[in-house]
1. Looking only at segment 359-409, count every residue that is more than 16 Å from ligand 2 (Cβ to nearest atom), of a type in the set (D, E, K, R), crowded, with 16+ Cβ neighbours inside 10 Å and not in a helix (DSSP H, G or I) and tell me the total.
2. Residues to consider are ALA89, ALA93, ALA73, ALA102; find the one that is small (Gly, Ala, Ser) and either within 16 Å of MET181 (Cβ to Cβ) or in contact with a Phe, Trp or Tyr (Cβ under 9 Å, 6 or more places away or on another chain) (or both).
3. For segment 311-341, what are the residues that are aliphatic (A, V, I, L, M) and within 16 Å of ligand 1 (Cβ to nearest atom)?
4. From the list THR361, THR320, exactly one residue is within 19 Å of MET286 (Cβ to Cβ) and hydroxyl-bearing (Ser, Thr, Tyr). Which is it?
5. Conditions: (1) touching a Cys at 6+ places or on another chain (Cβ under 8 Å); (2) of a type in the set (Val, Ile, Thr); (3) part of a loop (DSSP other than H, G, I, E, B). ILE356 meets all but one. Number of the miss?
6. Give the residues of segment 239-259 that are within 14 Å of ligand 1 (Cβ to nearest atom) and not hydrophobic (A, V, I, L, M, F, W, C), sorted by residue number.
7. Name the helices (runs of 4 or more DSSP H) wholly inside segment 177-284 in which the number of residues that are free of Cβ contacts under 8 Å to residues at least 40 places away in the same chain is 2 or more.
8. Among the residues of segment 112-154, what is the count of those that are part of a helix (DSSP H, G or I), surrounded by fewer than 16 Cβ atoms within 10 Å (Cβ to Cβ) and either aliphatic (A, V, I, L, M) or in contact (Cβ under 8 Å) with a residue 12 or more places away in the chain (or both)?
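The values are calculated or read from the model by the stated rules, or taken from the named source; none is laboratory data. Bear in mind the structure is a predicted one, so any value in this text is a computation, not a measurement. Cβ placement follows ideal geometry from the backbone for every residue including glycine, while neighbour counts extend to all protein chains displayed.
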Amino acid sequence: MRRFLPRPADTVDRSRSVDRFLARRLNEALARPAAQQPCWPDPEQARAVTRQLHHADPIVTPDETVRLSDRLASVARGEAFLLQGGDCAETFADNTEPHLRANLRILLRMADVLAHASGMPVVKVGRMAGQYAKPRSNIVDGLGLPVYRGDIVNSAERTPAARTPDPHRMPRAHANAAGAMDLVRKLCAGEVYVSHEMLLLDYERTVLWVDAGGPEPRLSSGLAHFLWIGDRTRQLDGAHVAFAELLSNPIGLKIGPGVTPEQAVEYVRRLDPHGTPGRLTLVSRMGHGLVRHLLPPIVEKVNASGHEVVWQCDPMHGNTRPSGNGFKTRHFDHVVDEIAGFFEVHRRLGTHPGGIHIEMTGEDVTECLGGAAGITEADLPARYRTACDPRLNTDQSIELAHVVAELLT
Ligand code: PEP
Ligand code: MN
């Protein structure tokens, strides 16, 4: 595959009709309304930074991404299990060898537990090497400052200057991702793929390859093997879905309680137009109280459409609650209950509970309640270190792997 360097539509090389076709579709996709984008103080400066990034090195290679697509096809057919996890928000400060090592180690340990119990290969995907952009429910925080949108946009520090979106953070994010990917390659030798939320479109539109190998020409993102669309940016007429349609990478889509079975089928038609097993991963994040009720009609309707998706459970984002002492937290029992409900639904309908998507770290943090160590609200302040959402710690992650292993046998 060769690099795609999109230029304004009128200056694209006329001799390359594929480039012309893709450039037009890219411009159309990105002209649609895009939720959750920062308001750069100087839009021209942001455009200049984005233009520079078109020449940046790829983080991943298209052939690795093709290999992941093959692995996800096995998951969709019920022959493998997908384990995806890592920090809610990676930060530049924590992009260190000890932190990445710890997170990779816990991912591999969980995968071993799951592979041993299920007898199936486990496909390992980190929320890593690029998970720097965060969607937010409010535009200002409790102090009235612009909200933190991830290190790729602004700083979590509580000053107006730090919270002002800065496009020069995009090349920093790229450099940090490249460094993290080097370490993933060194430590895991091709075993671990990387993913992040495809949120910040000024960044995502850079580092693309032309992929003419499929049923229609598409673009392969060089920024991650796997990209997902979040629950807040999945508008059917919006830019994120339209951009994802153009990509040949495997795509994830978070589906929360607001998604109807009819909408789910519409997503599947849009994002898997050629009926490619594993092309689309539907990540349900309904909350433990709703999953048994809301997921079955979605699974039935998508299944009846004939598309072979990967069904993945995110047991974190539907179970976030404020603690009595003011921390955003999740209870281990709710995480377990949502996964149990997800398995019950798929066992009943005869579909494959294909994977889990979790927020965790291989560090001894106190961010989620419960687990064998019985973390209580009073324990939360001790080591509450996340830049965004609460993560399972090392022990809770291993305990969860054993619970899922039990469900898989
Ligand atoms: C996330 O994965 O960090 C996230 C924000 O999830 P969701 O889009 O499902 O809320
Ligand atoms: Mn999160």
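1. Of the residues in segment 359-409, 1 are more than 16 Å from ligand 2 (Cβ to nearest atom), of a type in the set (D, E, K, R), crowded, with 16+ Cβ neighbours inside 10 Å and not in a helix (DSSP H, G or I).
2. ALA89
3. Result: MET316, VAL335, ILE339.
4. Of THR361, THR320, the one residue that is within 19 Å of MET286 (Cβ to Cβ) and hydroxyl-bearing (Ser, Thr, Tyr) is THR320.
5. In the conditions (1) touching a Cys at 6+ places or on another chain (Cβ under 8 Å); (2) of a type in the set (Val, Ile, Thr); (3) part of a loop (DSSP other than H, G, I, E, B), ILE356 misses (3) alone.
6. HIS240, GLY252, LYS254, GLY256, PRO257, GLY258
7. Once the helices (runs of 4 or more DSSP H) in segment 177-284 are filtered for at least 2 residues that are free of Cβ contacts under 8 Å to residues at least 40 places away in the same chain, what remains is 261-271.
8. The qualifying residues number 1.
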